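Here the structure is laid out as structure tokens; the discussion comes afterwards.
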Amino acid sequence: MFSFFKKKPSLTPIVDAQYAAATLTTEPNTIGAAREADARTGPGGAPTAELGLLTGDVSDTSPADTLTTGVVPEKPTRVEVVDKDPASRGAWLDRLKGGLKKTGQHIGSVFVSARIDDALYEELESALLMSDAGVKATAHVLQALKTKVKKEHITDVQLVKAGLVEIFADLLAPLEKPLAIGKHKPTVIMMTGVNGAGKTTSIGKLTRHLSDAGASVLLAAGDTFRAAAREQLSAWAERNNVDIVSHNGADPAAVSFDAVTAAIARGKDVVLIDTAGRLPTQAHLMQELQKIKRVIQKASDTAPHEVLLVIDGNTGQNALSQVKAFDDCIGLTGLIVTKLDGTAKGGVLAAIAMERPIPVYFVGVGESVLDLQNFKAHEFAQAMLA
Ligand SMILES: Nc1nc2c(ncn2[C@@H]2O[C@H](COP(=O)(O)OP(=O)(O)OP(=O)(O)O)[C@@H](O)[C@H]2O)c(=O)[nH]1
Ligand SMILES: [Mg+2]
């Protein structure tokens, strides 16, 4: 076990004079609560997955050494959430595969043909377009596949399919990059996205993973539009025993400023800032995001260190438009793709890789805590195509 984490201090909700206006809401959040409880412990009460915070070079892909206690990483650390129990990891992959089943079946049906000819490539082209891969990624994949087939003298259709998985995985590979924390203390993470994409739930899940690994987390209830939004985040704070800054009826930028200031004063490792859902077409709300970012910078020069966009995996090609619009507006550093357990087609990740390659830190396949795990390009390609 490593020793670069110090003893975890006790955590208290923010209720002191400096934050007299802050309200700590305590109503329980019922969304997925039962499933979360299930996910926390296995049958014998043992955790079913581990979060590894890896020190050193964040591009290093060596196997995870898991750190479970203490705080204050002394070097940048990679946030790895991958279930180490083969059974539950298998179940997670099955859910991913189940969500992408339609795409898998559609693309799979192309390879029932015994011949490798123009008809096969044409069918594959329309299957890829139907999967939301978009014109550019589809053209790239097809060209790469034809080249491979020719160069390697492939004559077996099933080997063509295997080649497709490889090419797809290579295309997605640049998106595989874990979230890193610890370079800055606190690491300030702003969460954005359209309504209902899964921002607040993803914050809750990340809080749990970070807390389990010993990092001290502070939440900022930057969705000040709805009381229910504050309550939802407060429930996650309470459940994970972490601090929250939540001002009743305040400006989201002010809440974010107070949260970062509080986190600095309290020596927190990570600040997770929730924001209200908004459409990229709502110019005034997009400007509000820019303001939140500017005001955060006033609290800490280098912050925010991460600006994440949460995307609902079922939104198809529209997800690419969201990535472009939010990126153009506030400069994204990472993505979280949720609800891949639904009717997602998955191909849009290829479009993102091709046209706006922003790292996908996590993918979600359900509402419980352990349903949010790291994105692995090869695994995703296999789930989608194999
Ligand atoms: N099936 C499934 N549901 C999810 C996933 N992630 C989030 N959800 C659900 O999606 C719904 C919306 O999630 P929220 O976290 O409230 O979304 P939000 O982006 O914060 O929404 P607003 O604040 O209203 O913009 C909730 O019911 C979540 O439980 C996922 O990966 N799979
Ligand atoms: Mg929300």
Among strands (runs of 3 or more DSSP E) entirely inside the range 180-274, those with 2 or more residues being within 19 Å of the chain's Cα centre (by Cα) and away from ligand 2 (no atom under 11 Å from the Cβ) are 187-193, 217-222
With the structure loaded, tell me whether Ile154 is β-branched (Val, Ile, Thr) and buried (at least 18 other Cβ atoms within 10 Å of the Cβ) or whether it fails that test.
no
Which listed residue, of Ala237, Ala220, is assigned by TED's automatic domain parsing to the domain that holds Lys291 and either farther than 24 Å from Leu279 by Cβ or surrounded by fewer than 21 Cβ atoms within 10 Å (Cβ to Cβ) (or both)
Ala237
Meets criteria (of a type outside the set (S, T, N, Q), surrounded by 22 or more Cβ atoms within 10 Å (Cβ to Cβ) and assigned to a helix (DSSP H, G or I)) for Leu164
yes
Determine, yes or no, whether Leu218 is away from ligand 1 (no atom under 14 Å from the Cβ), within 16 Å of Leu372 (Cβ to Cβ) and either of a type outside the set (Phe, Trp, Tyr) or free of Cβ contacts under 8 Å to residues at least 24 places away in the same chain (or both).
no
Kindly evaluate Ala377 against the criterion of being among the small types (Gly, Ala, Ser) and either within 15 Å of ligand 1 (Cβ to nearest atom) or crowded, with 18+ Cβ neighbours inside 10 Å (or both).
yes
All conditions in (1) away from ligand 2 (no atom under 16 Å from the Cβ); (2) under 23 Å from Ala228 (Cα atoms); (3) crowded, with 18+ Cβ neighbours inside 10 Å are true of His284 except (3)
Looking at Gly366, Gly316, which is the one that is within 21 Å of Thr281 (Cβ to Cβ) and at pLDDT below 95?
Gly316
Look through Met354, Met286 and report the one residue that is under 22 Å from Pro178 (Cβ atoms) and outside the structural domain of Thr138 (by TED's automatic domain parsing).
Met354
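The values are calculated or read from the model by the stated rules, or taken from the named source; none is laboratory data. Just so it is clear, the structure is predicted and the values come from calculations on it, not from any experiment. FYI the Cβ positions are ideal-geometry reconstructions off the backbone, even for glycines, and counts take in every protein chain you see.
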